[in-house]
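The block underneath contains the structure these notes are about, expressed in structure tokens.
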Amino acid sequence: MKIELTDKEFRRLLDMVYIGNWILNSTRGNDRFEDYDHVESKIFSYCIQADMPDLYEIRDGVVVPSEAFENGGIHEAIADYEDAVFFEILAEELARRDMDYEAIEQDDYNELDRRIDEYIEEFEQNGIDNIILIRE
């Protein structure tokens with residue numbers, strides 16, 4: 001297989017490969033999906049011939065994203081994604097809780113969506129500042 005990319009497209013591909021592998025493996029500890037690590041290493045190895053030495057390093061004979069790459073803003077993009085997903089999941093869980101966790105029928109989707117939207121609006125305005133846990 002041969003794929004032709006501009007330098008800019010290749011740079012974007014590096015970001016996507018890194019983000020994908022991060023999502024799949026960052027929480028797995030020693031139980032990583034090694035085949036994804038291998039693909040990441042293979043894609044980053046093309047930085048050598050693309051003359052992008054700042055984006056990769058070789059550790060224990062394996063090409064990996066460089067520290068400069070990892071500290072260059074990619075984790076801010078991942079954090080933005082995680083925040084958005086966190087608030088979306090929290091809003092839906094709270095909306096479902098408000099509806100007594102009933103199975104949502106077709107007729108109930110508008111009500112569920114309305115409640116989710118209310119929570120999202122609250123989170124956009126105040127984050128989690130107004131969330132209070134009551135322990136019994």
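Read-outs: derived from the displayed coordinates by stated rules, not from any lab. What you are looking at is a predicted structure, and each value in this text was computed from that prediction instead of being measured. Cβ coordinates were reconstructed from backbone atoms using ideal geometry, including for glycine residues, and neighbour counts include every protein chain displayed.
Observations on the structure shown:
- Environment charge of Asn25, counting only residues whose C-beta is closer than 13 Å and scoring Lys/Arg +1, Asp/Glu -1: -3
- Remark on Ser66: its backbone amide H falls under 5 Å from those of Tyr56, Glu57, a criterion applied only to residues 5 or more positions apart or on other chains, H modelled at 1.01 Å from N.
- Option label - Kirkwood radius over Cα pairs in Å computed here, alternatives [x] 20.1; [y] 19.3; [z] 18.3: [z]
- Degrees between helix 109-126 axis and first principal axis of the chain (Cα, 0 to 90, nearest 10): 70 degrees
- Angle of helix 75-98 to the longest C-alpha principal axis of the chain, folded into 0 to 90 degrees and rounded to 10: 20°.
- Distance between the 7 Å Cα→Cβ label points at Glu136 and Asp80: 4.2 nm.
- The range 41-65-the range 71-132 distance, computed between alpha-carbon centres (Å): 38 Å
- If you take all other residues with their beta carbon under 11 Å from the beta carbon of Glu67, and give Lys and Arg +1 and Asp and Glu -1, the sum is -2.
- Degrees, to the nearest 10: 34-49 long Cα axis against longest axis of the chain: 50 degrees
- For the pair Glu4 and Ile48, the difference between a 0.36 nm per residue extended length and the Cα-Cα distance amounts to 14.3 nm.
- Normalised by the number of residues in the range 39-133, the average gap of Cα pairs under 8 Å and 6 or more apart makes the relative contact order 18 percent.
- Helical mean residue ellipticity (222 nm; -39500 (n - 2.57) per DSSP H run of 4+; nearest 500) of the chain: -19500 deg cm²/dmol
- Site-free segments of the chain were taken between trypsin sites (Lys or Arg not before Pro) in DSSP loops having at most 15 other Cβ atoms within 10 Å, sites themselves excluded; the longest one is 33-134.
- The string of couplings for the range 14-20 from the Karplus curve (6.51, -1.76, 1.60, θ = phi - 60°) is 4, 4, 5, 5, 4, 4, x Hz, one whole number per residue in order, with x for Gly and Pro.
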